[in-house]
Amino acid sequence: MKIKIEHADITTLHTDAIVNAANSSLLGGGGVDGAIHRAAGNKLLEECRLLNGCETGKAKITKAYLLACKHIIHTVGPIWNGGNKNEAQLLTNCYKNSILLAEKHKLRSIAFPNISTGIYGYPKKQAAIIAVNTVKQQLLNCKYLEEVNFCIFDNENLELYKKLLK
Ligand code: AR6
């Protein structure tokens with residue numbers, strides 16, 4: 001089992017799955033979601049239209065179309081609302097349900113962006129602690145998944161993850 005940090009644009013990765021920090025419509029948006037839809041091409045949106053959206057904390061899988069990875073796991077992070085609206089549990093569920101879905105599809109590698117820490121405003125340190133702890137915990141029960149990449153775009157998250165995974 002390997003946990004790695006990648007300082008990269010997630011659309012360039014060759015993992016079995018990349019995770020998209022989507023919204024509940026699953027029909028695209030800004031941030032990493034916009035980047036993934038642009039790079040994967042219009043066929044992704046066509047498949048997403050058939051999924052009937054996704055609840056916060058849940059995850060759904062699609063093909064990856066023009067991307068180098070094989071699948072996209074779309075999860076919906078919580079919008080930060082001060083911390084008393086079940087945000088921590090919902091963010092935990094995003095990482096947990098994405099890994100469970102990867103296992104169900106017998107995937108060997110997955111890359112996560114820093115879910116909810118952009119447009120959705122989740123405090124980065126709190127989100128990083130949840131991400132690392134949840135992934136470590138879930139990996140204990142995985143049969144197929146061998147590698148988890150935290151794909152990091154900004155310097156603040158990079159420093160946080162380097163410390164947490166030291
Ligand atoms: N590769 C990797 N990480 C990225 C990339 C990229 N190409 N682009 C941004 N990030 P955000 P959220 C990082 O805002 O907070 C969308 O409109 C970014 O630096 O993409 O979960 C959706 O449709 C940040 O650390 O997602 C939703 O409406 C992290 O990805 C909403 O934004 C997450 O930032 C979701 O907000």
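Read the figures in this text as sums done on the coordinates, not as results from a lab. None of the values given here were measured: they were computed from a predicted structure. Positions of Cβ are backbone-derived with ideal geometry, glycine not excepted, and every protein chain shown enters the neighbour counts.
Filtered by the rule that a residue be of a type outside the set (Val, Ile, Thr), part of a helix (DSSP H, G or I) and within 16 Å of the ligand (Cβ to nearest atom), region 113-157 gives 124, 125, 126, 127, 128, 131, 155, 156, 157.
Can we say residue 76 is within 14 Å of the ligand (Cβ to nearest atom), hydrophobic (A, V, I, L, M, F, W, C), in contact with a strand residue (DSSP E or B) (Cβ under 7 Å, 6 or more places away or on another chain) and closer than 25 Å to residue 144 by Cα? Yes; evaluated as a whole, the condition is true for this residue.
The residues on offer are 34, 57, 53, 82, and the sole one that is more than 8 Å from the ligand (Cβ to nearest atom), loosely packed, with under 15 Cβ neighbours inside 10 Å and either free of Cβ contacts under 8 Å to residues at least 60 places away in the same chain or hydrophobic (A, V, I, L, M, F, W, C) (or both) is 82. Looking for whichever is touching a Leu at 6+ places or on another chain (Cβ under 9 Å) and in a helix (DSSP H, G or I) here; the options are 44, 51, 67. Which one fits? Only one candidate qualifies: 44.
Considering (1) within 12 Å of the ligand (Cβ to nearest atom); (2) touching a strand residue (DSSP E or B) at 6+ places or on another chain (Cβ under 8 Å); (3) among the acidic types (Asp, Glu), the lone condition that residue 87 does not fulfil carries the number (2). If you go through region 9-30 and keep only what is part of a loop (DSSP other than H, G, I, E, B), near the ligand (Cβ under 8 Å from one of its atoms) and of a type in the set (A, V, I, L, M, F, W, C), you end up with nothing.
Can you tell me which of 101, 160 is farther than 18 Å from residue 58 by Cα and part of a helix (DSSP H, G or I)? That would be 160, the only listed residue that is farther than 18 Å from residue 58 by Cα and part of a helix (DSSP H, G or I). A Cβ distance below 7 Å, combined with a sequence gap of six or more or placement on separate chains, defines the contacts here; from region 154-166, residues that are farther than 9 Å from residue 5 by Cα reach residues that are surrounded by 17 or more Cβ atoms within 10 Å (Cβ to Cβ) and among the small types (Gly, Ala, Ser) in the pairs 157/128; 160/128; 164/128. A count restricted to region 70-81 and to residues that are in a loop (DSSP other than H, G, I, E, B) and within 14 Å of the chain's Cα centre (by Cα) stands at 2.
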